[in-house]
Amino acid sequence: MRNRIYIKDLKEHIGKEVIIAGWVDVRRDQGKMIFFDMRDMTGKVQCVALPGKNFPSKNFPAFALGDKGQGTHGFLNSSPESLVKEIRPEWVLKITGKVNKRPEKNIKAEVLNGDLELEVTQIEVLNKAETTPFQITESTIGINEDLRMKYKYLDLRTERMQKNIRMRDKIISFFRDYMHKNGFIEIETPILMKGTPEGSREYVVPSRLFNGKFYVLPQSPQQFKQLCMVAGFEKYFQIARCMRDEDTRGDRQLEFTQLDFEISFVTQEEVLEYTEAMFIELVKNVYPEKKISKIPFPRISYAESMKKYGSDKPDMRVNKNDPNELAFVWVLDFPMFEKTKEGELQAVHHPFCSIKEEDKEKFIKGEDMFSIRANAYDLVLNSYELSSGSIRIHERAIQKQVFDLLKISEEEQQKRFGHMLEAFTFGAPPHGGFAPGIDRIVMILQNEPNIREVIAFPKTGEGRDLMMGSPASITDKQLKELGIKLVK
Ligand code: ASP
């Protein structure tokens with residue numbers, strides 16, 4: 001909109017007439033005077049409409065009100081004074097007005113535009129709004145979450161949600177900059193792929209051109225980032241979406257975002273140092289009011305953490321009630337193998353982790369499997385696992401030995417991981433990496449109770465999108481093209 005100015009900039013226009021546009025926030029009638037706040041993406045301002053004084057009828061040719069809130073073009077024949085009385089929260093207005101300093105006694109120094117108000121001279125209604133299912137002017141944290149999800153676009157209008165999503169963007173752009181400054185390149189890896197063993201069930205996507213065949217969605221870009229190392233990029237990163245078909249588990253989302261990175265010719269110590277410096281810088285730059293309990297971050301072995309805290313996510317905060325305390329801790333030397341509840345052997349992180357030098361002998365012999373440790377590390381923050389990573393295997397024989405120990409048959413190895421085994425025969429450099437979870441980082445920094453509060457369009461715990469209505473059925477035609485018959 002030409003000549004429109006943002007609400008945060010009103011202070012630069014004191015005494016002048018300006019145009020703003022946005023939503024009606026709260027309105028307060030005081031006798032003949034009508035006050036209402038206007039809101040745009042930059043903030044709020046109090047508007048004052050003084051009936052009679054600044055509403056000569058000739059000022060209202062642009063007063064375009066639709067009848068009954070339908071169209072916005074049509075004019076209403078009532079007087080301007082009654083029109084301004086019709087304005088309701090969440091209507092979309094274009095307002096012309098004069099920026100006045102507030103009388104001394106009405107100044108609210110601590111809020112944006114607390115020292116000024118807009119004296120309305122002309123209003124154009126760009127759109128009306130029904131009464132919203134919940135109040136936009138307050139935090140919606142206590143509102144039924146299903147309702148918030150159904151009307152996510154309204155929930156997102158609230159100040160708290162706007163802040164969360166905008167801070168998320170700040171954090172992500174900090175990471176992108178930091179990575180680029182340190183010589184990393186962002187590479188997009190496929191969403192339609194063949195599966196990677198990250199310990200969860202995979203989402204499958206049927207292929208139309210190859211009926212009976214399926215893509216799966218990445219649980220992480222793990223194999224691709226390792227192949228980027230084989231490809232010679234040396235320093236890769238990606239703000240990567242990961243999908244895992246897990247059963248409802250509290251604060252999980254089926255899709256989440258990682259700052260995924262991988263470095264060639266790197267030691268574990270270097271990954272730890274790099275990551276640590278990055279987080280310290282993030283807090284310093286984006287959350288200066290927060291304090292990190294201990295620098296350098298304390299380190300503890302997995303075994304010690306389990307013994308001392310009964311958990312591999314120890315909470316190292318001094319004061320758990322201090323919303324500004326950040327207690328990072330490194331958990332090192334994770335075991336390579338574990339038994340699942342079903343009694344099956346699996347890799348604790350994933351089968352691409354390298355083995356600790358001290359445990360190599362046992363590994364080669366395949367002895368005492370559960371005592372074999374990997375060069376695998378986690379970063380924990382205030383009892384949340386922020387990230388997992390490891391120095392990887394880069395030699396074919398060792399990778400094969402892991403698959404053998406995991407009892408993956410020769411045929412299965414070729415079928416699922418043949419490309420990795422082969423890639424390692426073409427001069428794969430030693431490499432390692434890490435993948436901090438963005439949703440959790442934002443949640444903790446924003447002091448939110450769960451990650452749904454920091455994701456623009458989250459799903460319910462059961463993986464439903466209540467706004468769009470997914471998952472949903474597809475048409476018989478689609479099923480037929482895909483060669484799929486549903487079992488009723
Ligand atoms: N791909 C791993 C994960 O998603 C992270 C890593 O090992 O870099 O947890």
Which condition does A64 not pass, out of (1) surrounded by 15 or more Cβ atoms within 10 Å (Cβ to Cβ); (2) modelled with pLDDT of 75 or more, if it passes all the others? (2)
Looking at E361 and the list (1) within 16 Å of the ligand (Cβ to nearest atom); (2) farther than 22 Å from K308 by Cα, which single condition is not satisfied? (1)
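Mind checking which residues of region 366-386 are on the phi > 0 side of the Ramachandran plot and buried (at least 18 other Cβ atoms within 10 Å of the Cβ)?
Step one: of region 366-386, the residues on the phi > 0 side of the Ramachandran plot are 366, 368, 382-383.
The answer is N382, and nothing else.
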Starting from region 338-359, keep only residues that are free of Cβ contacts under 8 Å to residues at least 40 places away in the same chain and of a type outside the set (K, R), then list their pairs with residues that are more than 16 Å from the ligand (Cβ to nearest atom) and in a loop (DSSP other than H, G, I, E, B) whose Cβ atoms are within a distance under 7 Å, requiring at least 6 positions of separation or different chains. D359/I372
In region 89-112, is there at least one residue being surrounded by 14 or more Cβ atoms within 10 Å (Cβ to Cβ), modelled with pLDDT under 95 and of a type in the set (G, A, S)? no
May I ask you to verify whether K181 is within 16 Å of the ligand (Cβ to nearest atom) and surrounded by fewer than 19 Cβ atoms within 10 Å (Cβ to Cβ)? no
Out of (1) in contact with a Lys or Arg (Cβ under 9 Å, 6 or more places away or on another chain); (2) within 16 Å of the ligand (Cβ to nearest atom), the odd one out for P206 is which? (2)
Condition set without any contact (Cβ under 8 Å) to a residue 40 or more places away in the chain and surrounded by fewer than 15 Cβ atoms within 10 Å (Cβ to Cβ), scope region 206-226, selection nearest to L486 (Cα to Cα): answer is K213
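Yes/no matrix, rows are residues, columns are (1) more than 16 Å from the ligand (Cβ to nearest atom); (2) under 24 Å from V205 (Cα atoms); (3) part of a loop (DSSP other than H, G, I, E, B):
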position	(1), (2), (3)
I391	no, no, no
K400	yes, no, no
D404	yes, no, no
I408	yes, no, yes
G432	no, no, no
R440	no, no, no
K459	yes, yes, yes
K480	yes, yes, no
K485	yes, yes, yes
Every residue in region 306-347 that is within 16 Å of the ligand (Cβ to nearest atom) and within 30 Å of V283 (Cα to Cα), please. D312, K313, W330, V331, L332, D333, F334
Taking region 315-344 as the region of interest, how many residues are part of a loop (DSSP other than H, G, I, E, B) and under 21 Å from V271 (Cα atoms)? 4
Output the qualifying pairs, or none if there are none: Cβ atoms under 9 angstrom, residues six or more apart or on different chains, first residue in region 235-246 and touching a residue at least 24 places away in the same chain (Cβ under 8 Å) and farther than 11 Å from L259 by Cα, second residue assigned to a strand (DSSP E or B) and of a type in the set (D, E). K235/E262; M243/E255; R244/E255
Tally, over region 234-251, of residues that are more than 13 Å from the ligand (Cβ to nearest atom), crowded, with 16+ Cβ neighbours inside 10 Å and part of a loop (DSSP other than H, G, I, E, B): 1
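Condition check ((1) buried (at least 16 other Cβ atoms within 10 Å of the Cβ); (2) in contact with a Leu (Cβ under 6 Å, 6 or more places away or on another chain); (3) farther than 26 Å from G199 by Cα) across all residues:
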residue	(1), (2), (3)
I263	yes, no, no
M278	yes, no, yes
E289	no, no, yes
S293	yes, no, yes
F297	yes, no, yes
K320	no, no, yes
V331	yes, no, no
K341	no, no, no
I364	no, no, no
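Here's a check for you: in region 219-233, which residue that is in contact with a helix residue (DSSP H, G or I) (Cβ under 8 Å, 6 or more places away or on another chain) and among the hydrophobic types (A, V, I, L, M, F, W, C) is farthest from the ligand (Cβ to nearest atom)?
Pass one, region 219-233, residues in contact with a helix residue (DSSP H, G or I) (Cβ under 8 Å, 6 or more places away or on another chain): 223, 226-227, 230.
Remaining after also requiring among the hydrophobic types (A, V, I, L, M, F, W, C): 227, 230.
Working: L227: 13, V230: 16 Å.
My answer is V230.
The values are calculated or read from the model by the stated rules, or taken from the named source; none is laboratory data. Quantities reported herein were computed from a predicted structural model and do not represent experimental measurements. So basically every Cβ, Gly included, is an ideal-geometry build from the backbone, and we count neighbours across all protein chains shown.
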